[in-house]
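Working notes, structure below.
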Amino acid sequence: MTFITRPLCRRARAATIGLALSATLLSACAPLLVGGAMVGGTLVFMDRRTTGAQVDDQGIELKAANRIKETVADRAHINVTSYNRTVLMTGEATTDADRTAIEQAVQRVENVRSIVNEIGVMSPSSISARSNDTIITSKVKATLVDARDLQANAFKVVTERSVVYLMGRVTEREATRASDLTRGIAGVDKVVRVFEVITEAELADSAPRK
């Protein structure tokens, strides 16, 4: 897994065409996010995870959301995103103790392979900040859709406090290209790569056979 953080500050054009399409292709983040992949139809066929992994990811997100609610109730604003059984946790907890308790609760969820804990210890983000994050996520998704050399639905995009987290099972070329594109989008402060990096040969082997 590659995990890279770097500051971003460049301006990019706003992408509006294709937002509806990108919303279908890529899941968005929300408080106690329960998104995951669309299991059934074309997206399963095109997804680089196995069908079993996609089902597990949906189950992990649901169970993790419930465990977090039981652990901290309304004391935290947490987003949970699972990709190929790797769980990304973002949002805010008011104390270090709650942050640790949340991670421990999610670790006990069945099928979780690893956890990336990006929960900040601070007051919950404002509604306006979350709305801004939603806009940034839409811009990133639209930009990935517009990129002719990327398969947009290979990526999951999560934005928290203007930090964009990119997840997916991708090659190093794809990881670099997607990160560079995201870096140029207005409003993005930083990119965090939470990729499962595979080789070009592994990608070719996983492609659907005609």
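Per-structure values
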| quantity | calculated |
| --- | --- |
| Stretchable slack from residue 131 to residue 207, in nm (0.36 nm times residue separation minus alpha-carbon distance) | 23.8 nm |
| Amide H contacts under 5 Å for residue 120, placed H, 5+ residues apart | 91, 92, 93 |
| Segment 51-210: C-alpha pair distances exceeding 26 Å, % | 31 |
| Total charge dipole magnitude, segment 126-198, about the Cα centre, Cβ charges on Lys, Arg, Asp, Glu only, Debye to nearest 20 | 80 |
| Integer Hz, Karplus 6.51/-1.76/1.60 couplings in order for segment 116-127, x for Gly and Pro | 10, 9, 10, 6, x, 8, 5, 5, x, 5, 6, 4 |
| Cβ crowding within 10 Å averaged over residues, with 73-81, 125-133, 98-106 ranked highest first | 73-81, 98-106, 125-133 |
| Label-to-label distance, nm, for residues given as residue 104 and residue 146 (7 Å Cα→Cβ offset) | 4.7 |
| Inter-label distance, nm, simple model (7 Å from Cα along the C-beta direction), residue 50/residue 96 | 4.0 |
| Share antiparallel - DSSP beta bridges, segment 49-142, percent rounded to 5 | 50 |
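Read-outs: derived from the displayed coordinates by stated rules, not from any lab. Because the structure is predicted, anything quoted here is derived from the model rather than measured. Here Cβ is always computed from backbone atoms with ideal geometry, including for glycine, and neighbour counts include all displayed protein chains.
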